[in-house]
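Notes follow once the structure below has been shown.
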Amino acid sequence: MRAAKIIGLGKYLPSRRLTNKDLEKIVDTSDEWITTRTGIKERRIAKEGESASMLAYKASQEALKRAGLTPDELDLIIVATITPDMNFPSTACFLQKHLKAVNASCFDLSAACAGFVYAAVTAWQYIASGLYDNILIVGSEVISSITDFKDRSTCVLFGDGAGAAVLTYSKTPGFISSDFGSDGFLSDILSVPGGGSQQPISQKVLDDRSHYIKMKGNELFRIAVRLMIQTAEISLKKAGLKTEDVSLFIPHQANKRIIDAVSKRLGIDSQKIFLNVDQYGNMSSASTAVALCEAWEKGMIKKDDIIVLDAFGGGLVWGSCVIKWT
Ligand code: ACO
């Protein structure tokens with residue numbers, strides 16, 4: 001089995017900012033409520049025409065440049081998204097077209113907020129098996145396209161963005177361990193019930209607003225804390241590491257209170273936790289991707305550092321991985 005490492009990271013955030021003060025004018029909420037309950041101050045909203053593949057394109061160009069690879073050197077493109085450009089073709093195929101990545105195979109991966117972690121581990125396994133050498137993975141979301149701006153319990157939480165990483169084979173790991181889990185019995189806690197094959201788009205779906213995110217926030221909060229702790233502990237144990245060995249913990253950026261509770265229970269020092277939920281809100285699969293990229297840009301990741309990615313989302317799905325930075 002070959003080792004795999006990340007050789008380039010990129011991100012793209014739409015320029016339009018939607019602040020808590022802006023939301024006060026749209027729904028019955030307050031900056032104070034949003035800040036204390038979630039830690040979010042603002043989020044980015046894509047312009048018309050800025051689809052998931054366009055956001056992914058900009059993030060990918062930056063990641064490829066930093067990796068020193070040209071698009072034609074890519075063997076595989078995986079886009080993690082729950083807001084694809086279209087039901088099909090895949091957003092990864094659209095991204096291939098934008099990049100002119102003529103030699104790549106492409107597919108999308110649906111694991112909600114855990115999508116980027118799932119894509120990273122999937123890419124690692126393709127490299128480990130020897131099937132592919134150079135893989136582009138992207139978490140890209142236009143969550144505003146499935147957000148109900150009449151529902152104050154959800155619209156304050158989400159934002160748009162994309163993060164990308166290029167992986168290749170390596171002499172030394174790289175990726176050390178991972179853990180995935182799912183519980184489809186809890187699918188109704190967080191979903192977009194309408195607009196799929198179960199309830200195809202219809203006037204009723206539009207009237208019920210069921211083509212937007214529906215969430216049982218309270219239940220989700222408790223489960224997210226429990227499972228994010230569990231998966232991080234399993235990945236660290238598989239790697240033969242302890243929480244004190246972690247150099248940087250990069251959790252899914254859904255809610256600062258979830259991150260605080262998880263980090264406290266894991267016993268990770270607050271200086272070792274990456275946070276940007278205040279600036280972008282929850283960008284689903286793009287959250288851990290953008291966070292990893294920003295941590296690297298800020299010089300928070302050095303050679304031989306132990307990085308833990310930990311995410312949780314609708315499905316329910318959760319997952320984590322441990323990376324030794326090479
Ligand atoms: N502004 C003001 N008041 C609000 C708002 C708002 N935006 N939203 C809800 N409220 C009200 C409620 O109506 C309720 O009022 P009531 O007591 O009069 O009934 C009160 O605030 C408390 O509501 P709760 O839902 O109990 O608030 P809670 O402290 O649980 O916070 C929150 C809600 C922020 C959604 C929290 O539960 C949470 O973060 N849950 C996890 C969400 C999450 O992580 N989702 C994404 C998962 S990842 C993915 O796959 C996309």
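The values are calculated or read from the model by the stated rules, or taken from the named source; none is laboratory data. Computed from a predicted model, the values in this text were never measured in an experiment. In this analysis, Cβ positions are derived from the backbone assuming ideal geometry, glycine residues included, and neighbour counts consider all displayed protein chains.
Residues to consider are Gly184, Gly130, Gly195; find the one that is surrounded by fewer than 16 Cβ atoms within 10 Å (Cβ to Cβ), within 25 Å of Phe107 (Cβ to Cβ) and outside the structural domain of Ala80 (by TED's automatic domain parsing). Result of the check over Gly184, Gly130, Gly195: Gly184.
Return yes when Glu24 is more than 30 Å from Asn218 (Cβ to Cβ) and not hydrophobic (A, V, I, L, M, F, W, C) and no when it is not. Talk me through it step by step, then tell me what you get.
On the way: more than 30 Å from Asn218 (Cβ to Cβ): no; not hydrophobic (A, V, I, L, M, F, W, C): yes.
Judged against the criteria, Glu24 is not a match.
Based on this model, can you work out whether Lys303 counts as over 12 Å from the mean Cα position of the chain (by Cα) and surrounded by 19 or more Cβ atoms within 10 Å (Cβ to Cβ)? Before the answer, list the steps.
Details: over 12 Å from the mean Cα position of the chain (by Cα): yes; surrounded by 19 or more Cβ atoms within 10 Å (Cβ to Cβ): no.
Here the answer is no, as Lys303 does not meet what is asked.
Checking the condition outside the structural domain of Leu167 (by TED's automatic domain parsing) and assigned to a loop (DSSP other than H, G, I, E, B), which residue from Lys264, Lys303 passes? Of Lys264, Lys303, the one residue that is outside the structural domain of Leu167 (by TED's automatic domain parsing) and assigned to a loop (DSSP other than H, G, I, E, B) is Lys303.
If the requirement is being of a type outside the set (Gly, Ala, Ser) and surrounded by 17 or more Cβ atoms within 10 Å (Cβ to Cβ), which of these qualifies: Lys242, Lys256?
On the way: Lys242 fails: surrounded by 17 or more Cβ atoms within 10 Å (Cβ to Cβ).
From the options Lys242, Lys256, the qualifying one is Lys256.
For first residues located in segment 272-286 and in the same structural domain as Leu55 (by TED's automatic domain parsing), partners that are within 15 Å of the ligand (Cβ to nearest atom) and lie 6+ apart or on another chain with Cβ distances below 6 Å do not occur.
For segment 103-215, which fully contained helices (runs of 4 or more DSSP H) count at least 1 residues that are more than 16 Å from the ligand (Cβ to nearest atom) and touching a strand residue (DSSP E or B) at 6+ places or on another chain (Cβ under 8 Å)? Please lay out each step first, then the result.
Numbers: elements: 115-129, 152-155, 203-208.
Here the list reads 115-129.
Check segment 44-59 and report whether any residue there is within 16 Å of the ligand (Cβ to nearest atom), within 16 Å of the chain's Cα centre (by Cα) and part of a helix (DSSP H, G or I). For segment 44-59, residues within 16 Å of the ligand (Cβ to nearest atom), within 16 Å of the chain's Cα centre (by Cα) and part of a helix (DSSP H, G or I): present.
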